[in-house]
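One structure is given below, encoded as structure tokens.
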Amino acid sequence: MLTFTLRRLLSIPPLVLVVSLLTFLLLKAAPGDFYSQQEADPARSLTEVLRQKESSGLLVRLSQTQLEEFGEFRDDGSMWSFRDDGEKVPTILRDGIVVRGRSASRSLLNFQIESTKYQCDDEGVVYRKVGPIESFFSWFSNAASGDFGRSYKFNRPVFGIIAERLWNTLILSIAALLIAYGLGIPLGIFAAVKPNSLVDHSAGILAFIGLSIPTVFSALLAVLFATYTGWFPIGDMRSLDYDLFGFWGKIGDRLHHLFLPAIVLGTAAMAGYMRQARGNMIEALGQDYVRTARAKGVSHNSVLFKHAFRNAVNPLVTLFGYSLASLLSGSLLVEIVMNWPGLGRLVFEAISAKDEPLVLASVLISTLLLVFGNLVADLLLALVDPRVRLS
Amino acid sequence: MTDTQSPQSKLPPPRGPWEMLWHRLRKNKLAMSGAAILLVLYLISCFGGFIGPYGSNEINKYTVKYGPMLLGGYVIEKIAEVIDQDENFEEIIRDTYSRKWEWFEGGVHFHDTAGNFTLRPHVHPLREYVSWDAYGETEYILAEDRSISVPVSFFIEASEPHEIFSLCGFFPIHGKTHLMGIAAEDHPTGKDLHTGLFLLGTDILGRDLWTRILYGGQISLSVGLIGIFISISIGLVIGGIAGYFGGLADFWLMRLVELLLAIPGLYLILTLRYAIPDELSPRQTYMMIVAILAIVGWASIGRMIRGMVLSLRESEYALAARALGGSSARVIMRHLLPNTASIVIVTATLYVPYYILGEVALSFLGFGITEPDSSWGLLLKDCQGSEVLKYNPWLVTPGLFIFLAVLAYNFLGDGLRDAADPRAFLGVSRKEKS
């Protein structure tokens, strides 16, 4: 088991490397970036936007001498050349016409020499676009020392933002899991004890509904329910006047906000646990040791809850590692529909805004959580069930 | 099947494995009802242009956000009077209206204007009432004019030709007929009257929701089928190669599978979508969604097939095939993969919902199908925001169709699994998928 754990742990660093490279390349393959909109915005100063891009590591400023080394080059069918007119920045000519420098129109200038792309602001400062592989290595060397970069949108280190949101998502997922266990296992056990009863059949139908209802749909229904009854708040984690509440008031307020999203997120897991608990319990009740216990004259309840129940539920409880991992990614839609400030919504917003460092770090963190969750689940399963051998 | 048995034998001819599967499946009521629901859903989607009373993108600015006529209708109520001045500064009294939903009153009904019972369904025309509030602001409120009944006609001719039948845009058959609708000559004339047959209500652009759902089903339902087909194909090839050859190929292919499974599904889908430019034609968007879902989806199927091939490889018939000089390709294609067929079919049926839900998630988040096309996820996008939902709750109806489709696939898949699993016969409980 130790070797198993070690091997799994050792496989994590290469996985992280590949996942970050893959995500990075996908993000870089996308057309445009976070600043594209600002570049097109006439109200923003190009100089400022490009300077921001430089500080985000997307561009590198070229010095005068570097530019003069270019001499003449061809791009888009026009001849480009740089001329030193004794100004601070060189004059740029396109087919002999001045495009930067004195008497030139002011707009963003994009050009390409071989495979390298360049941008030039309206003052004539030329920047080189950092290529994907190069920027991956600089990102990775920073990340290796613990610096995952700053979010373009929030202009804060990504870790602080993610930690906040991850905590919210964890609260939601754990609450969903508690609901799933708390309702799913008793229902499943009850259905198994009385097979083919009314309870069993309705539990079976409930399980089918729970497994089939799309999260988007159930979340929308929950919002509809909340708007019509007014029993539950819609969106966010706490009320506006949260700070005025006492200690218990605060806890109550948070639980009040947590209730509906947790139910919506927990429905599918609950249905799964219910079916599994029922199946395991029926299997356990058919085992020889149950018959032996009955033959010895052990009371019905004791047989059910001491002999069969423990064997049926043990493997279920250890599954929480898998469930937590799947809930983490499954919460994205719930968070968006029910306005829960969690990691999923953060990723969605970051992707919409093309906030690359934030997307990259969020995907990495959630991947790590998923991998660790699965590892913990595997280990727990082996711990409680000696028949499972890890190799 | 011809009877090749000896004449003495009174036993029926032996059943093949598929026949046994079918026999067992037929006894499973849930599975059969699932299959029936799916058949109906696919059929009505394919014939969506015919069944739906309108075109897929027939915007009507006068009928925005009207409730489902199948379930009732809005009736106008005068709630107050306000005193206002007309253009000559004379005081006049204006009315403030509000509309009230009445369940199973009005809407689609079975009497004509005179109140006589008819077998032909009728609807009331919608009238725009002008409501004035105390500040002199006006608001247009759409409600039924119950004094008039308009008959619903069947097999009416539309002015524009449209697709009567299509398989998600392929093999279209064009025509002008709609199954039902309101004939042009039956439309009552009147400035404020807007007649329409809105069985499930209208959306925020005044389009008929039922028609949009039918057209949306063509996309949402076919994404599942095509996506699972591609995933299974990739899974069979890669799983087959990894399981049969083992060694380095197995090692690297399984690392690839682990990589795909390690990234949370929806995040991977969104990141893949991010890398693709936004300006796509509807057909390209559709292909892109299918491709993304298939790329993300094949991994778990491939791993499962690899495991099965790994164990089947050592079976006696595979050994025999190899001993007889069968090439690797032949052994894989002719002997190993066909033996995984029943499990592949069961898995495929149980996995289709993930593709349907994947399309729903993408379109709902604004990364998938876009207007003016229709898909069930895109239709749900309209209900974001509790205010919209509160006043137009019928906009969640497309979710009901998604739910029905997923439920039906689960019924069918569960039934297929029980039928394919011989242990189900012995009364041993089946192990649930975690």
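When the criteria are applied in full, A:Leu46 fails the requirement of being away from chain B (no Cβ under 14 Å), more than 30 Å from A:Ala377 (Cα to Cα) and touching a strand residue (DSSP E or B) at 6+ places or on another chain (Cβ under 6 Å). Would a scan of the range A:214-221 turn up a residue that is within 12 Å of another protein chain (Cβ to nearest Cβ), assigned to a loop (DSSP other than H, G, I, E, B) and of a type outside the set (Val, Ile, Thr)? Yes, the conditions are met somewhere in the range A:214-221. Number of residues in the range A:185-213 that are among the hydroxyl-bearing types (Ser, Thr, Tyr) and within 13 Å of chain B (Cβ to nearest Cβ): the value is 1. Look at B:Gly246 and say whether it is touching a helix residue (DSSP H, G or I) at 6+ places or on another chain (Cβ under 6 Å) and more than 14 Å from chain A (Cβ to nearest Cβ). No, not satisfied.
Restricting attention to the range B:131-162 and to residues that are touching a residue at least 60 places away in the same chain (Cβ under 8 Å) and in a strand (DSSP E or B), the residue that is surrounded by the fewest Cβ atoms within 10 Å (Cβ to Cβ) turns out to be B:Glu160.
Considering only residues in the range B:99-133 that are in contact with an Asp or Glu (Cβ under 9 Å, 6 or more places away or on another chain) and hydrophobic (A, V, I, L, M, F, W, C), the one that is farthest from B:Gly73 (Cα to Cα) turns out to be B:Trp132. Using the structure shown, decide if A:Leu360 is out of contact with any His (no Cβ under 9 Å at 6 or more places or on another chain), of a type outside the set (Gly, Ala, Ser), surrounded by 19 or more Cβ atoms within 10 Å (Cβ to Cβ) and closer than 30 Å to A:Ser141 by Cα. Against the criterion (out of contact with any His (no Cβ under 9 Å at 6 or more places or on another chain), of a type outside the set (Gly, Ala, Ser), surrounded by 19 or more Cβ atoms within 10 Å (Cβ to Cβ) and closer than 30 Å to A:Ser141 by Cα), A:Leu360 qualifies.
Out of all the residues in the range B:356-366, is one or more within 19 Å of B:Leu270 (Cα to Cα) and surrounded by fewer than 17 Cβ atoms within 10 Å (Cβ to Cβ)? Yes - at least one qualifying residue is present in the range B:356-366. Applying the criterion of being surrounded by 19 or more Cβ atoms within 10 Å (Cβ to Cβ) and polar (S, T, N, Q) to the residues of the range B:385-407, the residue that is farthest from B:Gly67 (Cα to Cα) is B:Thr397. Screening the candidates B:Phe89, B:Phe110, B:Phe104 for the property of being over 21 Å from B:Gly206 (Cβ atoms) and within 30 Å of the chain's Cα centre (by Cα) yields one hit, B:Phe104. For A:Ser36, the conditions (1) more than 11 Å from chain B (Cβ to nearest Cβ); (2) surrounded by 14 or more Cβ atoms within 10 Å (Cβ to Cβ) all hold with the exception of (2). Of everything in the range A:268-294 that is under 30 Å from A:Asn339 (Cα atoms) and crowded, with 24+ Cβ neighbours inside 10 Å, the residue that is farthest from the other protein chains (Cβ to nearest Cβ) is A:Met270.
Within the range A:230-249, not a single residue is within 14 Å of chain B (Cβ to nearest Cβ), under 30 Å from B:Val388 (Cβ atoms) and at pLDDT 90 or above. Among all residues of the range B:369-381, there is at least one that is touching a residue at least 40 places away in the same chain (Cβ under 8 Å), more than 8 Å from chain A (Cβ to nearest Cβ) and among the small types (Gly, Ala, Ser).
The lone criterion from (1) in contact with a helix residue (DSSP H, G or I) (Cβ under 9 Å, 6 or more places away or on another chain); (2) without any contact (Cβ under 8 Å) to a residue 40 or more places away in the chain; (3) surrounded by fewer than 22 Cβ atoms within 10 Å (Cβ to Cβ) left unmet by A:Gly297 is number (1).
Counting residues in the range B:315-329 that are within 27 Å of B:Trp252 (Cα to Cα), among the aromatic types (Phe, Trp, Tyr) and away from chain A (no Cβ under 14 Å) gives zero. Taking the listed residues B:Leu225, B:Leu205, B:Leu221, the one that is farther than 17 Å from B:Tyr354 by Cα and either more than 14 Å from chain A (Cβ to nearest Cβ) or at pLDDT 90 or above (or both) is B:Leu205, with no other qualifying. Got at least one residue in the range B:73-95 being surrounded by 15 or more Cβ atoms within 10 Å (Cβ to Cβ) and under 21 Å from B:Gly181 (Cα atoms)? Yes; the residues of the range B:73-95 include at least one that is surrounded by 15 or more Cβ atoms within 10 Å (Cβ to Cβ) and under 21 Å from B:Gly181 (Cα atoms).
In the range A:159-203, the qualifying residues are those that are surrounded by fewer than 17 Cβ atoms within 10 Å (Cβ to Cβ) and among the small types (Gly, Ala, Ser), and the one that is modelled with the lowest pLDDT is A:Ser197. Looking at A:Leu369 and the list (1) surrounded by fewer than 21 Cβ atoms within 10 Å (Cβ to Cβ); (2) free of Cβ contacts under 8 Å to residues at least 12 places away in the same chain, which single condition is not satisfied? It fails just one condition, (2). When the range B:300-320 is filtered for residues that are surrounded by fewer than 16 Cβ atoms within 10 Å (Cβ to Cβ) and either part of a helix (DSSP H, G or I) or of a type in the set (Phe, Trp, Tyr) (or both), the ones remaining, listed by number, are B:Gly307, B:Ser311, B:Glu316, B:Tyr317, B:Leu319, B:Ala320. Of the residues B:Ile263, B:Ile269, B:Ile289, which single one is surrounded by 17 or more Cβ atoms within 10 Å (Cβ to Cβ), β-branched (Val, Ile, Thr) and away from chain A (no Cβ under 14 Å)? Of B:Ile263, B:Ile269, B:Ile289, the one residue that is surrounded by 17 or more Cβ atoms within 10 Å (Cβ to Cβ), β-branched (Val, Ile, Thr) and away from chain A (no Cβ under 14 Å) is B:Ile289.
Selection of first residues in the range A:8-32 that are at the interface with chain B (Cβ under 9 Å from one of its Cβ atoms) and within 18 Å of A:Ile365 (Cβ to Cβ) and of second residues that are in a loop (DSSP other than H, G, I, E, B) and β-branched (Val, Ile, Thr), restricted to Cβ pairs under 9 Å at least 6 apart or on distinct chains, gives the following pairs, ordered by first then second residue: A:Val19/B:Ile263; A:Leu22/B:Ile263; A:Thr23/B:Ile263.
The values are calculated or read from the model by the stated rules, or taken from the named source; none is laboratory data. Note that this is a predicted model, so its numbers are computed, not measured. Cβ atoms come from the backbone with ideal geometry, glycine included; neighbour counts cover every protein chain shown.
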